[in-house]
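Mind looking over this structure? Questions follow.
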Amino acid sequence: MTSHTTIAIDGPVASGKSTVGRVVARRLGYRFLDTGWMYRAVAYAGLSAGLDLHDHDEVSQLAGSLTMRLVEAERGERLLVDGEDITDLLHESHVEQGVVPVAANRSVRRVLVQQQRLIATDGPIVMVGRDIGTMVSPDATIKFYLTASQETRARRRYEERKNTPDSPAYKEVLERLVHRDRIDSQRAESHPADDAVIIDTDSLDVCETARRIIDLVEGA
Ligand code: C5P
């Protein structure tokens, strides 16, 4: 288990956890890991290898064979998979859709949780995901769970993507988000940890949310 400071930030799709987590990490001088990247990386590698992402055994074998490394670069943290920087490819539409069966694969989850715990042993870190407070780091120093309404989250995701080449319409963003919420909510570990501080970000911007978290961390 972790012996360094670990700040766990969980929350549903587009709750702002990655943006806020990155700001908190930068202000505190901690490393930052978006665990969603790791599920996306397995989906990306599976698609590249031509696998059927619903094939439980093939995908879990693949996940076990990948070496993932988090490195700091000038443009922020990067995820290297088998030495290749695939960070920029993780948010493409086909990866976004392929990640759903990957995240539902119990063996993949076991492999990735193990790797995430290992990364956390390297020093202070802000980790964001769905199950950090419940599964990856139940003994985290402090845990947060960010929420916001589905409409607010869909609007944020839509704004984020609207100038990209395959940007979806708002209605499509909302539909996908509702679908992913339904899948996430079926996993017990994706619910807030009992000891998490819940922050509703509907009326808070990134700076305000980060401030609230830092105040609580510094007061902890
Ligand atoms: O947060 P993000 O959208 O990047 O997550 C990608 C996928 O990985 C989602 O389907 C999410 O449910 C899953 N995930 C997970 N556990 C985590 C982080 C992400 O199941 N700790």
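All of the numbers you see were taken from the coordinates with simple rules; none came from a lab. Please read all numbers here as calculations on a predicted model, not as lab measurements. Backbone-built Cβ (ideal geometry, glycine too); neighbour counts: all protein chains shown.
Give the number of residues within the range 24-55 that are of a type in the set (A, V, I, L, M, F, W, C) and in contact with a Gly (Cβ under 7 Å, 6 or more places away or on another chain). Let's see the steps before the verdict.
So the first thing to find is which residues in the range 24-55 are of a type in the set (A, V, I, L, M, F, W, C), and the list is 24-25, 28, 32-33, 37-38, 41-43, 45, 47, 49, 51, 53.
Filter once more, keeping what is in contact with a Gly (Cβ under 7 Å, 6 or more places away or on another chain): 32, 43, 47, 53.
Number satisfying all stated conditions: 4.
Next question, about the same structure. In the range 134-181, what residues are of a type in the set (Lys, Arg) and assigned to a loop (DSSP other than H, G, I, E, B)? Spell out how you get there, then give the answer.
Filtering the range 134-181 for residues of a type in the set (Lys, Arg) gives 143, 153, 155-157, 161-162, 171, 176, 180.
Result: Lys162, single match.
Same structure, new question: So, in the range 114-133, exactly how many residues are assigned to a helix (DSSP H, G or I) and more than 11 Å from the ligand (Cβ to nearest atom)? Walk me through how you get there before you give the answer.
Restricting attention to the range 114-133, the residues satisfying the condition of being assigned to a helix (DSSP H, G or I) are 114-120, 132-133.
Going one step further and asking which of them are more than 11 Å from the ligand (Cβ to nearest atom), we end up with 114-115, 117-120.
Counting residues in the range 114-133 that are assigned to a helix (DSSP H, G or I) and more than 11 Å from the ligand (Cβ to nearest atom) gives 6.
For every residue, the table says whether it meets (1) free of Cβ contacts under 8 Å to residues at least 24 places away in the same chain; (2) in contact with a Cys (Cβ under 9 Å, 6 or more places away or on another chain); (3) β-branched (Val, Ile, Thr); (4) within 28 Å of Tyr30 (Cα to Cα).
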{"position": "Arg161", "(1), (2), (3), (4)": "yes, no, no, yes"}
{"position": "Pro165", "(1), (2), (3), (4)": "yes, no, no, no"}
{"position": "Ala169", "(1), (2), (3), (4)": "yes, no, no, no"}
{"position": "Leu177", "(1), (2), (3), (4)": "no, no, no, no"}
{"position": "Ile183", "(1), (2), (3), (4)": "no, no, yes, no"}
{"position": "Ile199", "(1), (2), (3), (4)": "no, no, yes, yes"}
{"position": "Arg212", "(1), (2), (3), (4)": "yes, no, no, yes"}
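Would you pick out the residues in the range 57-86 that are within 16 Å of the ligand (Cβ to nearest atom) and either touching a helix residue (DSSP H, G or I) at 6+ places or on another chain (Cβ under 7 Å) or in a loop (DSSP other than H, G, I, E, B) (or both)?
Here is the first cut: in the range 57-86, the residues within 16 Å of the ligand (Cβ to nearest atom) are 59-60, 62-63, 66, 68, 70, 76-79, 81, 86.
Selection gives Val59, Ser60, Leu62, Ala63, Leu66, Met68, Leu70, Arg78, Leu79, Val81, Ile86.
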